[in-house]
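Novice: Provided herewith is a single structure, encoded as structure tokens, for subsequent inquiry.
The values are calculated or read from the model by the stated rules, or taken from the named source; none is laboratory data. Worth saying up front: this structure is predicted, and the values here are computed from it rather than measured. Note: ideal-geometry Cβ built from the backbone for every residue, glycine included; neighbour counts use all protein chains shown.
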Amino acid sequence: MAVKTISSNATTQVKLGGGKIWNIIVSDPGTAWVLAVKDGPDPSGNFQTLINAAKISAGQPFLDAANPVSFRDGLQVVTSGTTAGELDFQFD
């Protein structure tokens, strides 16, 4: 299982190709930090939103590892807000 740490306001292409997100762990929620997780790009350059503009908060894991989120074309993470925090994505 791979882990990617995101700690800035950015669009990050974490992986190309299919896989599963097993967990999103919030180490630091930042200030007014929001998250969008997308599947893509597909061969035409399109993205499908998996998690849209969910407000980030500290505490429990963001996803339940028993029910991973699948993606087909790639894993892209978009974070924005007043002050960035830190997230760890566990995926394969």
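Novice: Could you identify the single residue in 52, 67 that is closer than 13 Å to residue 91 by Cα and at pLDDT below 90?
Specialist: On the way: 52 fails: closer than 13 Å to residue 91 by Cα.
Only one candidate qualifies: 67.
Novice: So for region 61-71 (the condition being of a type outside the set (S, T, N, Q), assigned to a loop (DSSP other than H, G, I, E, B) and under 11 Å from the mean Cα position of the chain (by Cα)), does at least one residue qualify? So that I can check it myself, show each step before the final result.
Specialist: In the first step, residues of region 61-71 are kept if they are of a type outside the set (S, T, N, Q); the result is 61-66, 68-69, 71.
Next, only the ones that are assigned to a loop (DSSP other than H, G, I, E, B) stay: 61-66, 68.
This time we only want the ones that are under 11 Å from the mean Cα position of the chain (by Cα), so: 62-63.
The answer is yes; a qualifying residue exists.
Novice: On to the next question. Surrounded by 17 or more Cβ atoms within 10 Å (Cβ to Cβ) and either in a strand (DSSP E or B) or touching a helix residue (DSSP H, G or I) at 6+ places or on another chain (Cβ under 6 Å) (or both), is that true of residue 38? Step through it out loud before you land on a result.
Specialist: Values: surrounded by 17 or more Cβ atoms within 10 Å (Cβ to Cβ): yes; either in a strand (DSSP E or B) or touching a helix residue (DSSP H, G or I) at 6+ places or on another chain (Cβ under 6 Å) (or both): yes.
Yes, satisfied.
Novice: Considering 31, 11, which residue is closer than 21 Å to residue 84 by Cβ and modelled with pLDDT of 95 or more?
Specialist: Details: 31 fails: modelled with pLDDT of 95 or more.
Just one listed residue meets the conditions, 11.
Novice: Next up: Which residues, taken from region 78-88, are buried (at least 21 other Cβ atoms within 10 Å of the Cβ) and hydrophobic (A, V, I, L, M, F, W, C)?
Specialist: Within region 78-88, just 87 meets the criteria.
Novice: Right, next: With the requirement that a residue be part of a strand (DSSP E or B) and either at pLDDT below 90 or among the hydrophobic types (A, V, I, L, M, F, W, C) (or both), what does region 72-92 give you? Even if it seems obvious, please write down each step before you answer.
Specialist: The first filter runs over region 72-92 and keeps only residues part of a strand (DSSP E or B), leaving 74-80, 83, 86-91.
Matches in region 72-92: 75, 77, 78, 87, 89, 91.
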